[in-house]
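Right, one structure below, let's go through it.
The values are calculated or read from the model by the stated rules, or taken from the named source; none is laboratory data. Keep in mind that what you see is a predicted model, and the values were worked out from it rather than measured. A quick note on method: Cβ atoms are made from the backbone with ideal geometry, for glycine too, and the neighbour counts reach across all protein chains shown.
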Amino acid sequence: MTAAAEQLTAHRPAAVPPTLRTGRYSMARTLKYLALIFFLIVVLIPVYVLLVTSFKGTGDADPSRAWALPQLWTLENWQTAWTALSPSILRTIAVVVPSSIISAFLGSLNGFVLARWSFRGADIVFTVILFGMFIPYQAVMIPLTQLVLNLGLPSGVPTLILLHVVYGIPITTLIFRNYYTTVPHELIEAGRVDGAGMLRTYWSIVLPLSIPSFVVVLIWQFTSAWNDFLFAVFFSSSQNGPVTVALNNLANGALLQNYGVSMAGALFASLPTLIVYIILGKYFVGGLMSGSVKG
Amino acid sequence: MLKKLRRVGPPLLMLAPSLILVGVFVYGLIVANFTTSLTDNHTAAQATGQKPAVVVWFTNYIDLLASEDFQHSLMNLVLYTVVFLAGTMVMGFLWAWMLEKPMKGEGIFRSVYLFPMAVSFVASGVVWRWLLNSNQDEQASGLNRLFQMVGLDALQNNWWNNVTFGIIAIAIPAIWQLSGYVMALFLAGFRGIPDELREAARMDGASEWKLYRHVLFPQLSPVALSALIIIGHMSLKAFDLIMSISKPANYQTKVPAVDMFVFKSSFDYANAAAVGSILLIIVAIVIVPYLIRTNREEKQ
């Protein structure tokens, strides 16, 4: 997994023989850049729409001005959206932070045992856990609502923390297991020879080596829990739920025709994950790569 | 015996919390869901346990699969998955192929192509609902208006409001969002191919096409398979996009996951559970062989 991420970010030295830098070659290069820029613009179209519409007042509602810049730039939509969404953003933080930390920690324990303190049948145990990553959650939703009800957990934040922890276990286990298989056996054997038990080895040898993986896993869990809508819509309301539910309600509610407010709201809802992506992009990509089982 | 326990005991103890949680929340609930799907639990009174539910075996499945309504959902899911898979694989490979060799500005292109992945389907759904507005000509906004502005009026259409192909419009934002992911997978694949391999092929006088056909494509096929599995599996996420773009009540764009939500909302737990089980079977048919294969390859 991490190897893949490094391959992705590492620059290979250019291996182009100088003789190839002739007419046909630079023509091909120009075409390539043109294509790349074309796709760049296409990918950014929704961003343009989002930004421009969020600053438009009601005076710009006419469809003929759909793609034009605002006649009058206003912050009104941003204020309305912030008032509507800020409580749910706080709740999302309350869900995402503890659930990422707990599931990362569980995944690290599992990954260590499965990769480096193995026992007969460990592979089967791993596959059994991994399958949980691939199930469509629709296949557990009905009994899950009854189970949550029976557990007496209040809907909203507490329920969502539990669900993100539980259903995060497979992916976090996968990422840590793949990472720990790259930790040399000798390191762990050295600990064993010194008489260190399993927990001791984990705590003093393995855990300090795991920081990069923790960053990858935390970002992955943070992003997927922040962006979750399925669990949120089944287990919370816009009064006690995360920002995805609140945003969906905002976009469908009384302000249905006022796209400016929902666009500003969509930006608010996306900012945390976008900031993480921009600042910690390398680790973000690492998490993506781990999604492919073999890493 | 004691020695064996000492060896297997601690690791199992350490795995125990996760195993119990996964055992209950994944496997236990799958069984419970299947059990519910075999009953006539169709009313709120039964859902809350005030009235008993009777086992009707596979009646719900038979009724669902026979109903034109649910067939439409399944057809939509197939259409969506095919377009979504084809779109992301083609775009992802194309981008990776263009960015594979070191070049100026590659970091910017990569980052921009990948960024939609960081955004939730609900947030992007807000923009795409605007872009995929079905109004045309004078009233057009969104992409239809853009088509007019660049002189491609003929491309105007009613997007997700088309009964047969509306679902394909929902695949467009999904492709926008996940092509960068496929690109990242392919880029990692390209960069995992040793330079010597290409050099050797070039030495042997292989043409550019032959190099791809016989050297690079075979090396990339495991990556392509992973991408297909992950993206194919994500097509079930269409739920989020549909909920935010076209609403669950829309016949045009409904898929089984949406049906499941609608059944659940009306306390028809038996049918909701049956739809869930059908989705699980569809996924398992693809995933289980993949997991077994990966497991076997790792052992070798």
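Just a few scattered comments:
- Contacts under 8 angstrom Cβ, first residue in region B:1-29 being under 15 Å from A:Ser118 (Cα atoms), partner surrounded by fewer than 16 Cβ atoms within 10 Å (Cβ to Cβ) and modelled with pLDDT under 90, 6 or more apart: B:Val8/A:Arg120; B:Pro10/A:Gly197; B:Pro10/A:Leu199; B:Pro11/A:Ser118; B:Met14/A:Leu199
- Being part of a helix (DSSP H, G or I) and under 13 Å from B:Ser246 (Cβ atoms) is a condition met by no residue of region B:178-194.
Each row is one residue, and each column tells you yes or no for (1) more than 30 Å from B:Leu38 (Cβ to Cβ); (2) among the hydrophobic types (A, V, I, L, M, F, W, C); (3) within 20 Å of the chain's Cα centre (by Cα).
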{"residue": "B:Leu228", "(1), (2), (3)": "yes, yes, yes"}
{"residue": "B:Ala238", "(1), (2), (3)": "no, yes, yes"}
{"residue": "B:Ala249", "(1), (2), (3)": "no, yes, no"}
{"residue": "B:Thr253", "(1), (2), (3)": "no, no, yes"}
{"residue": "B:Lys264", "(1), (2), (3)": "no, no, no"}
{"residue": "B:Ile287", "(1), (2), (3)": "no, yes, yes"}
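- One residue from B:Pro256, B:Pro289 being of a type outside the set (A, V, I, L, M), under 22 Å from B:Val26 (Cβ atoms) and more than 10 Å from chain A (Cβ to nearest Cβ): B:Pro289
- Qualifying residue in region B:67-81 (condition: small (Gly, Ala, Ser) and modelled with pLDDT of 90 or more): yes
- Flag for B:Asn135 being in contact (Cβ under 8 Å) with a residue 60 or more places away in the chain, among the polar types (S, T, N, Q) and farther than 18 Å from A:Leu44 by Cβ: no
- Restricting region B:283-300 to residues that are β-branched (Val, Ile, Thr) and out of contact with any Pro (no Cβ under 8 Å at 6 or more places or on another chain), the residue that is surrounded by the fewest Cβ atoms within 10 Å (Cβ to Cβ): B:Ile285
- When the residues of region B:55-76 are filtered to those that are within 21 Å of B:Ser265 (Cα to Cα) and of a type in the set (A, V, I, L, M), the one that is surrounded by the fewest Cβ atoms within 10 Å (Cβ to Cβ) is B:Leu65.
- Residue check for A:Leu163: surrounded by fewer than 23 Cβ atoms within 10 Å (Cβ to Cβ), at negative phi and either within 9 Å of chain B (Cβ to nearest Cβ) or not in a helix (DSSP H, G or I) (or both): no
- B:Ala227 being closer than 26 Å to B:Ile287 by Cβ and touching a helix residue (DSSP H, G or I) at 6+ places or on another chain (Cβ under 7 Å): yes
- Considering region B:199-252, and only residues there that are among the acidic types (Asp, Glu) and surrounded by fewer than 22 Cβ atoms within 10 Å (Cβ to Cβ), the residue that is farthest from A:Gly253 (Cα to Cα) turns out to be B:Asp204.
- Hits in region A:184-239 (condition: among the acidic types (Asp, Glu) and in contact with a His (Cβ under 9 Å, 6 or more places away or on another chain)): A:Asp228
- Screening the candidates B:Phe121, B:Phe186, B:Phe109, B:Phe190 for the property of being within 24 Å of A:Gly265 (Cβ to Cβ) and modelled with pLDDT of 80 or more yields one hit, B:Phe121.
- Across region B:108-149, the qualifying residues are those that are among the aromatic types (Phe, Trp, Tyr) and within 20 Å of the chain's Cα centre (by Cα), and the one among them that is surrounded by the most Cβ atoms within 10 Å (Cβ to Cβ) is B:Trp128.
- Of the helices (runs of 4 or more DSSP H) lying entirely inside region B:83-175, those containing at least 3 residues that are facing another protein chain (nearest Cβ under 10 Å) and in contact with a Leu (Cβ under 6 Å, 6 or more places away or on another chain) are B:106-114, B:121-131.
- Selected residue (only one of B:Phe263, B:Phe267 is facing chain A (nearest Cβ under 10 Å) and among the aromatic types (Phe, Trp, Tyr)): B:Phe263
- Number of residues in region A:99-125 that are facing chain B (nearest Cβ under 8 Å) and either without any contact (Cβ under 8 Å) to a residue 60 or more places away in the chain or of a type in the set (Val, Ile, Thr) (or both): the value is 7.
Yes or no, residue by residue, for (1) assigned to a helix (DSSP H, G or I); (2) among the β-branched types (Val, Ile, Thr); (3) within 13 Å of chain B (Cβ to nearest Cβ); (4) farther than 21 Å from B:Arg129 by Cα:
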site	(1), (2), (3), (4)
A:Thr182	no, yes, no, yes
A:Arg192	yes, no, yes, yes
A:Tyr202	yes, no, yes, yes
A:Ile205	yes, yes, no, yes
A:Val215	yes, yes, no, yes
A:Leu218	yes, no, no, yes
A:Thr223	yes, yes, yes, yes
A:Ala246	yes, no, yes, no
A:Leu250	yes, no, yes, no
